[in-house]
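First comes the structure, then the notes that go with it.
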Amino acid sequence: MGEPRYSRRTLLAAVGVVIATATGVVTYVSSSETVERQIATADKVRATSTAKPAIRFERVYSAARHREVTLAFYLPPGANARGLPMSILLHGLHGDARHAPVGNLAEVLANAVAKGSVPAFGFVAVDGGNNYWHENVPGDDPMAMLLDEVPRWLKERGYGEPFAVTGVSMGGFGSLLYARRRAERGDPIAAAAVISPGLITAWPEMAKRRAFKNEREWAALDPLRHPKSTGPTALGVWIGDRDRFIEGTRRFIREVRPEVSAVKGGGHDDGLYRKVTPDVVQFLAKYAKRAV
């Protein structure tokens with residue numbers, strides 16, 4: 001299972017409007033020009049292998065979390081990407097929006113777009129706390145933030161709704177839960193890419209994280225207990241063969257048979273993440289192109 005497996009699925013997602021510069025400044029515009037023309041301009045961008053992503057951080061107030069959070073944009077440089085498709089990017093345990101792009105993910109995307117090997121798209125990350133992207137603490141609901149507030153924040157800045165979700169470790173768990181919630185709303189996301197997802201097989205181990213009130217709550221949300229809950233969303237799963245979550249992830253792959261799945265040599269660390277992020281970008285790029 002070291003090489004990815006592919007099958008065909010199709011789904012269209014909404015996209016938004018934004019222009020990003022290589023210096024990290026984002027300018028919001030409106031125009032009657034077609035989305036297709038704007039996305040096509042990204043394919044004309046050429047750069048060296050050290051292309052730098054355009055990065056911008058903002059502080060916004062989340063009513064769902066009752067606090068200010070960081071909203072982070074990771075965009076390809078130099079792309080006149082009006083209508084740029086966006087993937088939500090979920091960080092892992094003890095992480096935050098500023099450190100969400102593991103394995104040089106933002107740089108990998110920037111280089112791929114600059115070389116013209118993928119259509120332009122971007123990532124948006126937000127601080128989600130440490131409760132596996134659900135409301136473990138009353139009044140702090142990061143999933144509601146993702147479902148209801150992030151689309152509004154993107155729209156206010158010229159984007160449409162995200163076409164995909166991407167996550168690592170706890171963020172992988174959260175990405176599968178987010179895909180499930182979108183499917184339950186009758187608005188499934190096109191693709192979910194999960195890296196080293198935190199799919200734990202025993203309650204005593206999960207209980208150490210104090211992210212769920214009890215075993216029943218965990219079982220109700222655990223992607224392993226609800227393998228078909230993401231509906232038509234195309235899934236991509238990557239993990240290292242020495243990862244501490246390998247048992248649960250292998251089981252998930254066997255039961256769900258994702259569109260792409262790969263077990264690589266490595267552990268739960270940046271060495272493994274750097275191996276797989278090029279494949280993650282290629283996987284997402286298929287659905288970014290369809291989102292135009």
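Can you check what the net charge comes to around residue 125, using other residues whose Cβ is under 9 Å from the Cβ of residue 125 (Lys, Arg +1; Asp, Glu -1)? List each step's numbers first, then the result.
On the way: positive: 98; negative: 96, 127.
Residues near residue 125 contribute -1 overall.
Relative contact order of the stretch 54-289, please, whole-number percent, based on alpha carbon pairs below 8 angstrom and at least 6 residues apart. Show your work: numbers first, answer last.
Working: 487 pairs, mean separation 47.5, N = 236.
Dividing the mean separation by the residue count of the stretch 54-289 yields 20 percent.
Tell me, what ³J(HN,Hα) does each residue in the stretch 93-109 have, in order and in whole Hz, if you take phi through Karplus 6.51 cos²θ - 1.76 cosθ + 1.60 with θ = phi - 60° and put x for Gly and Pro?
Residue by residue, the stretch 93-109 yields 4, 6, x, 7, 4, 5, 10, 5, x, 6, x, 6, 4, 5, 5, 4, 4 Hz.
Only four residue types carry charge here, +1 at the Cβ of Lys and Arg and -1 at the Cβ of Asp and Glu. Report the dipole size of the stretch 54-289 about the Cα centre in Debye, rounded to the nearest 20. Provide the component values of the computation, followed by the final result.
Values: 32 positive and 26 negative charges, 78 e Å.
Its charge dipole is roughly 380 debye.
At residue 274 and residue 68, where each label point lies 7 Å from the Cα along Cα→Cβ, what is the point-to-point distance in nanometres?
3.5 nm
Just to confirm a number: summing +1 for Lys and Arg and -1 for Asp and Glu over residues other than residue 269 whose beta-carbon lies under 11 angstrom from that of residue 269, what do you get?
Charge balance near residue 269 sits at +2.
If contacts are Cα pairs under 8 angstrom and at least 6 residues apart, what is the relative contact order of the stretch 216-280 in percent? Before the final figure, lay out each step's value.
On the way: 64 pairs, mean separation 22.9, N = 65.
That works out to 35 percent.
At a 10 angstrom cut-off on C-beta neighbours, averaged per residue, how do the peptides 212-222, 89-99, 229-239 rank from highest to lowest? Intermediate values should be presented prior to the final figure.
Details: 212-222: 14.8, 89-99: 19.8, 229-239: 23.2.
Top of the packing list down: 229-239, 89-99, 212-222.
Using 0.36 nm per residue, how much length does the chain from residue 98 to residue 50 gain when fully extended, once their Cα-Cα distance is taken away?
Details: separation 48, 0.36 × 48 = 17.28 nm, distance 2.03 nm.
Difference between extended and current length: 15.3 nm.
Please give, to one decimal in nm, the separation of the simple spin-label points placed at residue 135 and residue 156, each 7 Å out from Cα toward the Cβ.
Result for the modelled spin labels: 2.1 nm.
Say the cut-off is 31 Å between C-alpha atoms; which of 115/228; 208/286; 52/155 go over it? Working shown, then result.
Values: 115/228 36 Å; 208/286 38 Å; 52/155 25 Å.
Pairs exceeding the cut-off: 115/228; 208/286.
Taking R0 as 22 Å, what FRET efficiency do you get between residue 255 and residue 185 from their Cβ-Cβ distance, rounded to the nearest 0.05? Provide the component values of the computation, followed by the final result.
Working: r = 23 Å, r/R0 = 1.07.
Result of the calculation: an efficiency of 0.40.
Readers should treat all values here as calculations from the given coordinates under stated rules, not as data from a laboratory. Note that this is a predicted model, so its numbers are computed, not measured. No Cβ is skipped: glycine too gets one built from the backbone with ideal geometry, and neighbour counts run over all protein chains shown.
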